[in-house]
Every structure is written in structure tokens, then in C-alpha cells.
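Enquirer: Provided herewith is a single structure, encoded as C-alpha cells, for subsequent inquiry.
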Amino acid sequence: MIDVINLTKKYGDITVLDNITTRIDEGERVVILGPSGSGKSTFLRCLNCMEDPTSGSIMFEGVDLADMKVDINEHREHIGMVFQQFNLFNNKTVLDNITLAPVSIGLKKLHRAKRRNFCISIGNLFRKRKKELAAVDSSKQIKARAEEKAFELLRRIGLEDKAGAYPSTLSGGQKQRIAIIRALAMNPKVMLFDEPTSALDPEMVGEVLDLIRKLADEGMTMVIVTHEMGFAREVASRIMFLADGKIAEEGPPDQIFGSPQSDRLKDFLSKVL
């Protein structure tokens, strides 16, 4: 699904990611571990095109997202991202937060379809054989469908009654679960989680991790940066350990936690377990 080839990211003279090559297959649950400053969050942001690589390629379904000629927004629709700090819009209701992106993208596609149909209509005036116009939804249909999906997701996490609430009235755990289903509302093919529980009080961590576990059980392709070692061992199909901007070691959880090979990983685990 995603092929990362010789990915390098530099900020001036500082190399944050150093020639990383790896592959993320459909249905995989890749957990990224590593000390602070090892490049974990930068790696995720490069996958989602929020950071431009200094060099290298990120192939997503055959398209190089690092190619500046590619329409990044079109492909980013299929890569959901969940941040540490929720990033909800405080001046919008929960429902509006969830439907904002689907409605916006739907309206853009509607406008493109209308322009295309207009051009076809003009062309048909001069053709012997007429081209058919594409069927398009109305803006009301787009909004209604987005809201239907939003309520479906809210029911799934037991927060349907919060649809009209504002983020400031929610707990941290509720905000993060809303942030997750906001990403799911786009029907992504892969989900990226950047330390999704690091901003939560300890008693709220469980409800967020439970939701991610359910997604894992359903086969969602995921890349997760986390410091929750027990969760990583339980959920991951593969663990990638980053150190100094490189993949120092990777493998299945039992290997990484049970018989680490590199001294750097052994030292890291001795401090966090």
C-alpha cells in the first residue's frame, strides 16, 4: 500500500530522517517506537504530506506523494491523521467538525462535475452523437449523506448525544475519540496516529485505546506512534524502532520485546518497561 524509499528529511543542517526505506502493507498495524527526537512524528507527517521530504519517495497506491506535481489533497483524502492535541475547531459543533471535510470535498467535486457537464452540453451542440451527462448530487444530498455518516460513527462510540455540543464541553477522551471518527468520516484507506493518548489524563487513555483496538480488529491499516508499550505489544503486527532518524530495528512484537538485537533498543526498553 505504501512504499517508503530512501526517505530523508532535513531542517537546515539537522537530519531528522536518514534514508529510511520500508513498506506498509494493507491491513498491517505498524507501531513506531523510539526516544524523543528520533523522527517518529516527522515520519508520520511525511506520510501524510504535511512535511515535504528533502529526498526520497513515498509511493501510495503507485503514486509518488513526494512528487511536487501530484495533487496532494486528492490522495490525502485516503490517509487519515490523528494528532496529539485533537485539533478540533472549538467554534464548531461536534457534528460540524466531523462533516466539515466530507462536505467541503463533496462540494468541490460537485462544482467540477457541473463544469464538466456544462462543457459536454456545449460540445453536444456540435456533435452528431451526443455524450451523456454525468449524474451529480445536489449540495443538500452531499450534506445529508455526510451527516448520516457522522451520526453512524457517533453512535458507534456512544457519543450521539454530543452531536450539537462544542469541543470545550467534552472530556479529553471524548475529544480524541471525536478526532478519530472525524478522520474515519473520510473513509480512509490508512490511519496515522501520532501519540494519540499523550495529552490525556491516565483514566481517559483506555477509552481511546479501545477504539483503536476495534479498528485494528476490523483490519484497518494503521501506523501508530505511541509510548504505550503494552498496547503496542498487543495491537502491532510489526514494530519499527527509530533512533537518530534511522530504523534501528524492526520486527514482530514478540521479537522486539522478547529478544531485541540492537544495544540501542535494549537500552530504550530498559528505560520504558
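The values are calculated or read from the model by the stated rules, or taken from the named source; none is laboratory data. Given the structure is predicted, the values throughout are model-derived calculations rather than measurements. Because the Cβ atoms are built from the backbone with ideal geometry, glycine has one as well, and the counts that use them run over all protein chains shown. The protein model used for the area step is the full one, side chains on, heavy atoms only, and it has no ligands, DNA or RNA in it. Shrake-Rupley method; radii C 1.70, N 1.55, O 1.52, S 1.80 Å.
Enquirer: With contacts defined as alpha carbon pairs under 8 Å and 6 or more residues apart, what's the relative contact order of the stretch 4-134 in percent?
Expert: Result for the stretch 4-134 is 17 percent.
Enquirer: Something else now. Straight-line reach from Lys149: which lysines have Cα under 22 Å away, leaving out those fewer than 8 places along the same chain?
Expert: Straight-distance partners of Lys149: Lys92, Lys108, Lys109, Lys140, Lys162, Lys175, Lys189, Lys214.
Enquirer: Sticking with this one: Report the accessible area of Asp25, computed with a 1.4 Å probe over the heavy atoms of all protein chains in place, in Å² rounded to the nearest 10.
Expert: Accessible area, nearest 10 Å²: 60 Å².
Enquirer: For the stretch 41-179, what is the Kirkwood estimate of the hydrodynamic radius, computed as the reciprocal of the mean inverse distance between distinct Cα atoms, to one decimal in Å?
Expert: Kirkwood radius, the stretch 41-179: 18.1 Å.
Enquirer: Express the accessible area of the chain per residue in Å², computed with a 1.4 Å probe while the remaining protein chains stay in the model.
Expert: Normalised by residue count, the accessible surface of the chain is 51 Å².
Enquirer: Once you have the Cα-Cα distance between Glu152 and Ala113, take 0.36 nm times their residue separation minus that, and quote the gain in nm to one decimal.
Expert: Value of the extension gain: 11.3 nm.
Enquirer: With springs only between Cα atoms under 10 Å, which of Ile122, Ile79, Ile247 fluctuates most in a Gaussian network model of the chain?
Expert: Highest fluctuation of the listed residues: Ile122.
Enquirer: For the stretch 151-207, what is Rg from Cα atoms divided by 2.2 N^0.38 Å, rounded to two decimals?
Expert: Dividing the Cα Rg of the stretch 151-207 by 2.2 N^0.38 Å gives 1.13.
Enquirer: Rank these residues by their accessible area, most exposed first, probe 1.4 Å: Phe151, Phe241.
Expert: So the residues, ranked largest to smallest area, are Phe151, Phe241.
Enquirer: Tell me, how many Å apart are the Cα centres for the stretch 22-36 and for the stretch 230-273?
Expert: Going from one Cα centre to the other spans 11 Å.
Enquirer: Then there is this: Return the carbon/sulfur percentage of the accessible area of the chain, one whole number, probe 1.4 Å, all protein chains in place.
Expert: Within the chain, the accessible surface is 48 percent carbon and sulfur.
Enquirer: Using only the alpha-carbon atoms of the stretch 1-116 as identical scatterers, what base-10 log of I(q)/I(0) does the Debye formula give at q = 0.13, 0.21 Å⁻¹?
Expert: Evaluating at q = 0.13, 0.21 Å⁻¹ gives log10 I(q)/I(0) of -0.64, -1.24.
Enquirer: Taking the highest mean first, how do the peptides 63-72, 166-175 order by number of other beta carbon atoms within 10 angstrom per residue?
Expert: 166-175, 63-72
Enquirer: If you don't mind, there's one more thing I want to ask. Taking the convex hull of the Cα atoms, report for the stretch 179-220 its projected area averaged over all directions, in nm².
Expert: Value for the stretch 179-220: 3.0 nm².
Enquirer: Still on this model: With each pseudo-label sitting 7 Å past Cα toward Cβ, what's the Met1-Ser262 distance in nm, one decimal?
Expert: 2.4
Enquirer: Just for the Cα atoms in the chain, what are the lengths along the principal axes, largest first, rounded to whole Å?
Expert: Result, largest extent first: 73, 44, 34 Å.
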